[in-house]
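Colleague: This structure is in structure tokens; I'll ask about it shortly.
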């Protein structure tokens, strides 16, 4: 198989999700994209950049001679009507010539076009192959069309479950992180240049120029550190917006956990009966709160100090409740407001320890005359939230408390927030190298040693946007993408 003189293979893939739909898109990128597309559809005139053309998709597997397909008249030898759009390199997503064929979303037609592209590439001696996951976006990154944080944001946008997540991903795709990093990088480059110039001057080339004093170096490093420390602090909020959180409802049987679970979901998902121990297994459901995707987990009641016999099914449910408790990002300790606090519940709260949790007194609608005395109920000294799953009382306060406990009070749509561990590690390594430079400067070490730390900081910062990123890291990032993107 012949490869283009540039050594670049042409790739092809279906870019729309699997299954039937109104529209399906086959995308090609590479030096042979136009030529191969011309074999798949009827193109009477050369394709122009960003101009859509209505065409017919050719039945390459049929009996019609592909060279005579333009003279068939009518619809003989075609399998679909389509719209084809070409984006000539370098003014395209990948920086190469890209052709997108938008046909009806029939899996048979789309797969036929992909097979046809591969067959025609082989017949013509062109290097055409199936695209790997994320390869179109990877080529965009390698061509300098986007940086690595923008490439990651493409995957985040595709995976977005809430509108707020989509907004944040769109900001990242627009280069929000790069814009936050640029001033710090410019300051770091200026300091490196200043020190290197000072070393040259000190070597005797320009003896009348003063060497950079330690106070100037310290001030310059501090001005670089400050915005990067703020960026590092955005990680928790950015990760919460990207990945969401798991919330487990824990408590004794018949405390109203399932009723509260249903009320938060605003639909009947868990079975509710007056009998204790109805929930025998964990029940999970997703919801969005304040734009954050949450995984709500209803659990079997924990009989911490009960002498009642527990059957095998409930025992397994209790074991899974403890698993949910261990894995949750936030625990809601549900207590029946009409009953006294038991020793078992106190033990349960103690087992939560210092982990994020909220104490919730449910069924306050049943308090009757005791309601006036219950201005603020407490469990082991901690203020609690009063709710009624029946009337909806306290639900808004509970939602607000959940967001506050997760650190999501207010808007999470922070421009340029870090949202994955790779990004956090890059900024953390930069700050560590800057801290080493500060220590070296405070110890009045030679500028050569300070420069070593500053160059390490610059290299770590460049890895954030992908200026210096090992191939194995790139492979891991783009392997998480879907094929065709």
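Colleague: Of the residues 426, 475, only one is surrounded by fewer than 21 Cβ atoms within 10 Å (Cβ to Cβ) and free of Cβ contacts under 8 Å to residues at least 60 places away in the same chain; which?
Modeller: The match here is 475.
Colleague: From the list 345, 323, 285, 349, pick out the single residue that is in contact with a helix residue (DSSP H, G or I) (Cβ under 7 Å, 6 or more places away or on another chain), modelled with pLDDT of 70 or more and either in a helix (DSSP H, G or I) or within 26 Å of residue 406 (Cβ to Cβ) (or both).
Modeller: Only one candidate passes the filter, namely 285.
Colleague: Checking residue 219 against (1) modelled with pLDDT of 90 or more; (2) within 34 Å of the chain's Cα centre (by Cα), which test does it fail?
Modeller: In the conditions (1) modelled with pLDDT of 90 or more; (2) within 34 Å of the chain's Cα centre (by Cα), residue 219 misses (2) alone.
Colleague: Just checking, does the stretch 37-57 include any residue being at pLDDT 90 or above, under 16 Å from residue 92 (Cβ atoms), in contact with a helix residue (DSSP H, G or I) (Cβ under 6 Å, 6 or more places away or on another chain) and outside any loop (DSSP other than H, G, I, E, B)?
Modeller: no
Colleague: Listed residues 80, 4; which is surrounded by 15 or more Cβ atoms within 10 Å (Cβ to Cβ), touching a strand residue (DSSP E or B) at 6+ places or on another chain (Cβ under 8 Å) and modelled with pLDDT under 95?
Modeller: 80
Colleague: How many residues are part of a helix (DSSP H, G or I), surrounded by 15 or more Cβ atoms within 10 Å (Cβ to Cβ) and touching a residue at least 60 places away in the same chain (Cβ under 8 Å) if we restrict to the stretch 119-161?
Modeller: Going through the stretch 119-161 one residue at a time, the tally reaches 15.
Colleague: Just need a number here: residues in the stretch 380-406 that are modelled with pLDDT under 85 and in contact with a helix residue (DSSP H, G or I) (Cβ under 6 Å, 6 or more places away or on another chain).
Modeller: Of the residues in that region, 1 qualify.
Colleague: Additional query: Looking at 460, 397, which one is outside any loop (DSSP other than H, G, I, E, B) and not assigned by TED's automatic domain parsing to the domain that holds residue 180?
Modeller: It is 397.
The values are calculated or read from the model by the stated rules, or taken from the named source; none is laboratory data. All values derive from a computational prediction rather than experimental measurement. Using ideal geometry, Cβ is built from the backbone for each residue, glycine included, and neighbour counts are taken over all protein chains shown.
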